[in-house]
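The values are calculated or read from the model by the stated rules, or taken from the named source; none is laboratory data. Since we're looking at a predicted model, the values are computed, not measured. All Cβ positions, even for glycine, are placed from backbone atoms using ideal geometry, and neighbour counts span all protein chains on display. Side chains are part of the model used for accessible areas, which takes the heavy atoms of the whole protein and leaves out ligands, DNA and RNA. Shrake-Rupley method; radii C 1.70, N 1.55, O 1.52, S 1.80 Å.
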Amino acid sequence: MSSVPDRFPPGFLWGAATSAYQIEGAVAEGGRTPSIWDTFCRTPGKVSGGDSGDVAVDHYHRWRDDVRLMADLGLGAYRFSVSWPRVQPTGRGPAVQRGLDFYRALVDGLLEQGIQPSLTLYHWDLPQELEAAGGWPERETAYRFADYARIVADALGDRVDMWTTLNEPWCSAFLGYGSGVHAPGRTDPVAALRAAHHLNLGHGLAAQVLRSTLPGAKVAISLNPSAIRARSQSPADLDARRRIDALANRVFTGPMFRGAYDADLLRDTAQLTDWSFVRDRDLSVIKHPLDLLGINYYTPSVVSAPTDNAPETGPDQRGSRLDGHGRSAESPWPGADSVEFHRPPGELTTMGWAIDPTGLYDLLMRYTREAPGVPLMITENGAAYDDKPGPDGAVHDPDRIRYLHGHLSAVRRAMRDGADVRGYFLWSLLDNFEWAYGYSKRFGAVYVDYETQARTPKSSARWYAEVARTGALPEPPDLEAGENAT
Ligand code: IFM
């Protein structure tokens with residue numbers, strides 16, 4: 001059955017996203033030194049298959065081909081991150097020009113093709129030396145981040161208008177220092193809370209630097225807010241939702257939008273810390289006006305108070321206590337570690353994440369209310385599937401098309417209901433290194449043969465190119481009718 005295509009407004013930005021450690025490789029070239037992810041990958045048992053970003057998809061050497069690929073797909077924008085240890089190896093002191101030259105050339109290549117660069121300063125690759133000095137739990141790291149922001153702004157500010165300070169600080173703080181399933185792999189609940197605050201502070205300081213150095217730039221942060229559902233409307237389950245909301249969402253949006261950590265968050269964590277690491281002026285620095293709020297969304301969470309039965313979790317419910325091998329890990333929820341996570345209804349992607357576009361709709365409407373006047377951008381959305389080339393060499397991924405169709409429809413619905421959404425970045429342009437899962441999960445619209453590094457656009461890439469070209473949402477293929485998207 002066909003219906004009238006749903007159209008996005010002209011000027012809506014269509015892009016794809018990646019991050020430095022997940023695609024660049026060349027970890028020891030051009031003066032780059034190790035980040036916490038290089039170290040983590042070398043720690044036995046931390047990353048599935050013993051994989052690492054050493055080579056990744058070799059984007060450092062193949063970026064010209066990748067830019068051509070983006071141009072072929074008609075993308076209007078490309079979101080990438082700068083590797084901090086590539087441009088300021090120890091996290092202190094002068095910049096390495098070869099590192100900056102790589103990004104200058106990449107950005108120039110994008111601009112030549114009419115693709116708007118969207119630059120993220122931090123997508124989890126802290127220079128190892130800064131972790132050795134204490135990492136994000138230490139205040140000093142926030143100041144080092146602001147210095148690094150100045151280096152990148154000075155080098156690329158004449159070419160890049162869209163700047164994001166941090167990507168998903170929840171993961172850096174709570175998976176990096178709480179559950180330990182991400183680098184640097186620490187399992188200290190107080191360190192996780194301290195890290196959350198110092199990431200907030202780093203964001204605020206870097207936003208100030210960007211604002212003063214680049215008056216015309218758009219300054220953003222990309223959060224991965226959780227769309228949290230209580231398993232029932234019982235007071236205990238609603239309280240479980242409140243607790244997780246405080247730690248997943250409001251620990252960032254409280255200081256950013258309201259200039260305060262909410263009282264319930266401080267109360268829930270009072271046995272762990274008195275939050276005396278928050279200093280007088282910090283909150284006004286963090287409450288820096290944003291030009292855009294980036295939302296990364298994949299799946300919702302369903303929570304309850306502790307039950308007698310073990311929760312019915314999938315291989316990995318986001319935020320639960322499983323690592324990249326499906327083994328149990330420490331809790332990433334300081335002060336709320338008894339909350340149980342349940343498998344949400346709906347089909348699962350190969351991450352074990354339930355597909356539910358209403359979570360994206362709910363988040364867009366929530367931040368429309370909570371951050372009035374701040375335009376929204378979907379800075380990540382996508383799905384992992386076990387994609388393989390068929391006998392003809394083509395890679396058909398109708399499940400991903402249906403996932404994208406469902407989520408883009410939710411974006412349109414939110415826009416019709418008043419959300420000011422300016423664009424959408426598909427995660428990810430290319431199959432890549434999926435952190436603790438190594439190369440076992442493929443999120444790309446473009447298939448990468450990891451032996452040869454050959455790139456093959458999947459059928460979802462062609463479908464998405466058509467969406468970007470027309471601004472309309474064609475119906476996804478009907479699997480039951482045996483239709484294949486091409
Ligand atoms: O691959 C990651 C990305 O680095 C951050 N957001 C979620 C993606 C999928 O897990």
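With a cut-off of 16 Å on the backbone N, the residues of the range 432-464 near the modelled label site 7 Å out from T470 along Cα-Cβ are 460-464.
Taken about its Cα centre, the chain carries a charge dipole of about 1080 debye when Lys and Arg each add +1 at the Cβ and Asp and Glu each add -1 at the Cβ.
Given R₀ = 22 Å, FRET efficiency for Y450-T43 by Cβ-Cβ distance, to 0.05? For R0 = 22 Å, the calculated efficiency reads 0.50.
Each peptide in 372-380, 34-42 gets a packing score, the mean of other Cβ atoms within 10 Å over its residues, and the list from highest to lowest is 34-42, 372-380. Between the beta carbons of T90 and R258, assuming R0 = 41 Å, the FRET efficiency works out to 0.70 to the nearest 0.05. Packing around the peptides 6-18, 193-205, taken as the average count of other Cβ atoms within 10 Å per residue, puts them in this order, highest first: 193-205, 6-18.
The mean sequence separation of alpha-carbon pairs under 8 Å and at least six residues apart, normalised by the residue count of the range 11-90, gives a relative contact order of 51 percent. Between the residues P255, W463, S35, the greatest Cα displacement towards the positive end of the dipole of the chain, with unit charges on the Cβ of Lys, Arg, Asp and Glu, is found for P255. Highest mean packing first, where packing is the average number of other Cβ atoms within 10 Å per residue, the peptides 327-334, 302-309 line up as 327-334, 302-309.
The mean sequence separation of alpha-carbon pairs under 8 Å and at least six residues apart, normalised by the residue count of the range 335-465, gives a relative contact order of 25 percent. Normalised per residue, the accessible area of the range 45-177 is 31 Å², obtained with a 1.4 Å probe and no contribution from ligands, DNA or RNA. As a length-normalised measure over Cα pairs under 8 Å and 6 or more apart, the relative contact order of the chain settles at 17 percent. Dipole of the range 73-225 computed with +1 at Lys/Arg Cβ and -1 at Asp/Glu Cβ about the Cα centre; of L106, Q88, Q208, farthest Cα towards the positive end is Q208.
Around the Cα centre of the range 122-210, unit charges on the Cβ atoms of Lys, Arg, Asp and Glu (plus for the first two, minus for the last two) sum to a dipole of about 200 debye. Positive-end ranking of T165, G444, G185 along the dipole of the chain, with charges on Cβ about the Cα centre, is headed by T165. The stretch between R369 and D101, if pulled fully straight at 0.36 nm per residue, gains 92.4 nm over its current Cα-Cα span. Computed about the Cα centre, the dipole magnitude for the range 347-427 is approximately 360 debye when only Lys and Arg (+1) and Asp and Glu (-1) carry charge, each at its Cβ. Beta bridges assigned by DSSP with both partners in the chain are antiparallel in approximately 25 percent of cases. With a Förster radius of 51 Å applied to the C-beta separation of R159 and R267, the computed FRET efficiency comes to 0.65.
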